[in-house]
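Heads up, the thing below is written out as structure tokens.
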Amino acid sequence: MAKKKIGILTGGGDAPGLNAVIYSFVRACMNTMDCELVGYKFGYRGLYKNDFIPLNLQTTNGIQHRGGTILYNSNKDNLFDYTVEENGQKVKKNVSQVAVDNMKKEGVDVLVVLGGDGTLTSARDFSRMGVNVIGVPKTIDNDLPATEITFGFDTAVNIVTENLGRLHTTAESHHRVMVVEVMGRSAGWIALHAGIAGSADVILIPEIPYTVDGIVKKINERKTEGKEFTIICVTEGAIEKGGSASVGKIVEDSPDAVRFGGVAAKIAHQLEQRIENEVRYCTLGHIQRGGETSPADRLLSARYGVKAAELVKEGKFGQMVALQNGVMTGVSLEDVIGDAKVSVSGAKIVDPNHELVKVAKQMGITFADA
Ligand code: F6P
């Protein structure tokens with residue numbers, strides 16, 4: 001078999017586990033194939049600018065446990081709709097052919113892309129241009145339907161759970177209500193898992209619109225039980241009944257421009273008008289994506305990385321690695337992207353009848369929907 005030259009990039013936002021995938025992928029490739037590896041910097045921007053570093057046992061040494069990515073991220077560099085300057089003006093252009101030409105020039109014959117829906121959509125489009133592409137899905141939100149679980153999710157759940165514990169002790173000391181905003185966009189998986197594991201009293205998720213009455217009812221119930229503090233875990237994209245999600249900012253150039261934010265502050269303000277206890281809010285934000293990758297995510301990332309190397313070796317291109325029925329497999333990028341199954345509009349969200357919703361309810365946790 002001819003020596004392969006493989007390029008890797010990490011697109012979109014970072015997620016704990018990206019380094020662990022790079023780590024396992026590089027090792028699996030080097031142990032099973034005659035190959036050379038390069039890593040493009042800042043996602044597709046590196047491919048456009050032909051900016052890469054060599055990847056080998058030395059350059060990837062000691063990265064398995066580290067969050068973030070040694071290849072850096074960018075969530076703004078869609079080469080099919082790229083901002084370039086022409087005659088002093090900023091214009092949008094399709095510069096994908098430059099990337100393909102750069103790969104040819106360097107002799108890179110396989111491209112492995114780690115990213116979310118936007119990054120994987122471009123991966124599919126490069127595949128259509130004849131590039132040998134393998135996709136590896138990532139998001140802490142765990143909202144991609146084509147795969148059962150994405151790396152980064154477990155780490156985020158651990159961080160939120162730990163912080164809910166920390167907030168309990170200060171909330172109890174001051175007899176306060178604490179509203180904790182967590183990531184997840186329009187999917188409530190992080191709040192649901194961490195809310196149960198971290199003993200939240202109220203979990204608010206986008207899939208089950210809440211009422212302020214429902215939250216106040218729970219706070220008052222707890223008071224009658226002698227508990228003067230309440231912990232509320234809310235997904236950033238949660239919606240009040242009849243209302244809409246709180247938008248924090250719009251990031252121009254990002255495939256998914258809307259960033260949610262502000263729902264915890266809004267709820268805290270609403271509660272202050274209705275209850276005697278003091279209310280404080282806390283947005284965990286990017287802390288949820290930082291630091292060390294959890295052991296479970298390192299293990300999952302190892303499986304994703306090794307499966308990606310297997311697909312490269314077998315020449316199964318145009319595929320995305322997915323966990324289905326507990327088994328690592330390859331699914332066609334055309335199927336998962338073409339059907340919008342990994343796009344935000346087709347996100348894997350929490351079914352209000354999900355077992356964990358029932359578990360939470362039976363433990364006395366409310367979703368404040370009544
Ligand atoms: O999709 C992952 C995610 O962390 C979301 O949970 C969050 O809304 C968003 O990315 C934040 O994006 P950014 O890093 O651009 O602020």
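The values are calculated or read from the model by the stated rules, or taken from the named source; none is laboratory data. Every value quoted in this text rests on a predicted model; they were computed, and no experiment measured them. Cβ atoms come from the backbone with ideal geometry, glycine included; neighbour counts cover every protein chain shown. Surface accessibility is based on the protein's heavy atoms, side chains included, excluding ligands, DNA and RNA. Shrake-Rupley method; radii C 1.70, N 1.55, O 1.52, S 1.80 Å.
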- Item | Subset of segment 29-42 (residues that are in contact with a helix residue (DSSP H, G or I) (Cβ under 7 Å, 6 or more places away or on another chain) and either part of a loop (DSSP other than H, G, I, E, B) or charged (D, E, K, R) (or both)) | 33
- For residues that are more than 16 Å from the ligand (Cβ to nearest atom) and touching an Asp or Glu at 6+ places or on another chain (Cβ under 7 Å), tally how many sit in segment 169-201. 3
- Message: Quick check on residue 45: is it open to solvent by 10 Å² or more (accessible area, probe 1.4 Å) and within 16 Å of the ligand (Cβ to nearest atom)?
- Response: yes
- Task: Give me a count of the residues in segment 273-314 that are within 16 Å of the ligand (Cβ to nearest atom), surrounded by fewer than 15 Cβ atoms within 10 Å (Cβ to Cβ) and closer than 30 Å to residue 110 by Cα.
- Result: 1
- Query: Quick one: what pairs do we get from segment 47-74, first residue among the charged types (D, E, K, R), second modelled with pLDDT of 95 or more, C-beta under 6 Å, 6+ apart or different chains?
  - Reply: 51/41; 66/19
- Item | Residues (within 16 Å of the ligand (Cβ to nearest atom) and open to solvent by 10 Å² or more (accessible area, probe 1.4 Å)) located in segment 120-139 | 121, 138, 139
- Considering (1) surrounded by fewer than 21 Cβ atoms within 10 Å (Cβ to Cβ); (2) within 26 Å of residue 16 (Cα to Cα); (3) touching a helix residue (DSSP H, G or I) at 6+ places or on another chain (Cβ under 6 Å), say which one residue 270 fails and leave the rest. (2)
- Considering segment 100-119 alone, what residues qualify as being surrounded by fewer than 19 Cβ atoms within 10 Å (Cβ to Cβ) and hydrophobic (A, V, I, L, M, F, W, C)? 100
- Note on the structure: Quick count over segment 141-158, residues being open to solvent by 30 Å² or more (accessible area, probe 1.4 Å) and under 14 Å from the mean Cα position of the chain (by Cα), is 4
- Query: Scanning segment 140-158 for residues that are away from the ligand (no atom under 14 Å from the Cβ) and of a type in the set (D, E, K, R), which turns out modelled with the lowest pLDDT?
  - Reply: 148
- Any residue in segment 138-163 that's within 13 Å of residue 195 (Cβ to Cβ) and in contact (Cβ under 8 Å) with a residue 24 or more places away in the chain: show its pairings with residues that are more than 11 Å from the ligand (Cβ to nearest atom) and not in a helix (DSSP H, G or I) at Cβ separation under 6 Å, as long as the two are six or more apart or on different chains. 161/198
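For segment 25-35, indicate whether the set of residues that are over 17 Å from residue 5 (Cα atoms), of a type in the set (Phe, Trp, Tyr) and at pLDDT 95 or above is non-empty.
Taking segment 25-35 and keeping what is over 17 Å from residue 5 (Cα atoms), we get none.
Checked against the condition, which is being over 17 Å from residue 5 (Cα atoms), of a type in the set (Phe, Trp, Tyr) and at pLDDT 95 or above, segment 25-35 yields no hits at all.
Of the residues that sit in segment 221-263 and are assigned to a loop (DSSP other than H, G, I, E, B), of a type in the set (A, V, I, L, M) and open to solvent by 20 Å² or more (accessible area, probe 1.4 Å), which one is farthest from the ligand (Cβ to nearest atom)? Even if it seems obvious, please write down each step before you answer.
Keep residues of segment 221-263 that are assigned to a loop (DSSP other than H, G, I, E, B), which gives 225-229, 236-239, 241-246, 251-257, 261-262.
Filter once more, so that each one left must be of a type in the set (A, V, I, L, M): 238-239, 245, 251, 257.
Right, trim to open to solvent by 20 Å² or more (accessible area, probe 1.4 Å) and you get 239, 245, 251, 257.
Values: 239: 15, 245: 11, 251: 6, 257: 10 Å.
Ranking the qualifying residues of segment 221-263, first place goes to 239.
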